[in-house]
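Structure first, then comments.
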Amino acid sequence: METFDGRYLRASDYSHSSWVLFGVPYDGTSSFKPGSRFGPQAIRQASISLEDYSPYQGKTLPTFADIGDIEMPLGTVEKALAEIEKVADGVIADGKFLIALGGEHSITIATVKSYKKRYANLQVIAFDAHCDFRDEYLKGKLSHATVLRRIAEMSKLHLFGPRSGSRNEFVDVKRLCLTFEPFGISKIGDAVSIIGNDPVYITLDLDILDPSVFPGTGNPEPGGLAFSELLDAILWLSSQLNIVGVDIVELNPMLDPTGASAVVAAKIVREILIAVG
């Protein structure tokens, strides 16, 4: 089981780390272009090319651990999510904070479910190019296309950036999210005001980025964020909120043979670790 290695993101001992990375190589409900199961490995490989120092923050990486990839069971999405939840339960029970590397977006159902056992007042901030708010998709309730609907049923949700979805999804998102901003992130201050001191989980679907910045994703949507816009938002949120968990999903390295998308994802992981560590 490979873990982060190289000049940057050198994982430390689990017992001395507050933040723990783990890979979730799962894309079992992908309906267009599967391959995000290779995302965790691609992020680790890309991390070798980066420094452990962030010129954006003027800091180096803190101590953290990487426990490798979950061994995903064959079978249904229910079995897959149960395994993810079990691993997350163990790490959270040890008093650690998680950064999950996807994998497709459905994995967030399991990690948020696990976090809700520890933090009853958990609020979730989601960045996504899609609403992901269908109640059912391809006769299933659990998928990458229903994930944020399931999250909204578990926790207070703030959603930023959707520029694709059905008419009904947009209607339901406006009704069920505490904060909702299509196309952009200018209202993140509204979410911060609502959240206050409550614990926060951030789910980052990398397709929020413009395809010119991040082509390596299964469902790209034009009109997305620049890297600097997303990074500024993440760093600001980290300075304002009590962030207890993060996931980074929907890198599909098979769709970007240049490897640039994996580098973007790896750099975002670095910046988050420094910001929250």
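Couple of notes before you dig in:
- Subset of the range 20-42 (residues that are part of a helix (DSSP H, G or I) and farther than 24 Å from ILE92 by Cα): SER36, PHE38, ALA42
- Within the range 97-121, considering residues that are part of a helix (DSSP H, G or I) and of a type in the set (D, E, K, R), the one nearest to LYS86 (Cα to Cα): LYS113
- Scanning the range 217-249 for residues that are among the small types (Gly, Ala, Ser) and within 22 Å of THR111 (Cβ to Cβ) gives GLY218, ALA233, SER238, GLY245.
- Residues that are among the small types (Gly, Ala, Ser) and buried (at least 17 other Cβ atoms within 10 Å of the Cβ), drawn from the range 30-88: SER30, GLY35, SER36, GLY39, ALA42, ALA46, SER47, SER54, ALA65, ALA80, ALA88
- Among the residues of the range 168-196, those that are free of Cβ contacts under 8 Å to residues at least 40 places away in the same chain and among the small types (Gly, Ala, Ser) comprise SER186, GLY189, SER193, GLY196.
- Within the range 126-144, considering residues that are out of contact with any Gly (no Cβ under 8 Å at 6 or more places or on another chain) and aliphatic (A, V, I, L, M), the one surrounded by the most Cβ atoms within 10 Å (Cβ to Cβ): ALA126
- Filtering the range 235-263 to residues that are within 28 Å of ILE92 (Cβ to Cβ), surrounded by fewer than 24 Cβ atoms within 10 Å (Cβ to Cβ) and hydrophobic (A, V, I, L, M, F, W, C) leaves LEU235, TRP236, LEU237, LEU241, ILE243, VAL244.
- Selection from the range 69-110 of residues that are of a type in the set (A, V, I, L, M, F, W, C) and at pLDDT below 95: ILE70, MET72, LEU74
- Across the range 43-81, the number of residues qualifying as part of a loop (DSSP other than H, G, I, E, B) and of a type in the set (Ser, Thr, Tyr) comes to 4.
- VAL147 vs. criteria within 16 Å of HIS105 (Cα to Cα) and either surrounded by 16 or more Cβ atoms within 10 Å (Cβ to Cβ) or not hydrophobic (A, V, I, L, M, F, W, C) (or both): yes
- One residue stands out in the range 139-188 among those that are assigned to a loop (DSSP other than H, G, I, E, B) and basic (Lys, Arg): the one that is farthest from the chain's Cα centre (by Cα), namely LYS139.
- Within the range 179-234, considering residues that are among the polar types (S, T, N, Q) and over 26 Å from ARG167 (Cβ atoms), the one surrounded by the fewest Cβ atoms within 10 Å (Cβ to Cβ): ASN197
- Output for the range 223-276, where each listed residue is outside any helix (DSSP H, G or I), free of Cβ contacts under 8 Å to residues at least 24 places away in the same chain and over 18 Å from GLY39 (Cβ atoms): ALA226
- Screening GLY140 against (1) at pLDDT 95 or above; (2) among the small types (Gly, Ala, Ser); (3) farther than 21 Å from ILE248 by Cβ leaves a single unmet condition, (1).
The values are calculated or read from the model by the stated rules, or taken from the named source; none is laboratory data. Since we're looking at a predicted model, the values are computed, not measured. So basically every Cβ, Gly included, is an ideal-geometry build from the backbone, and we count neighbours across all protein chains shown.
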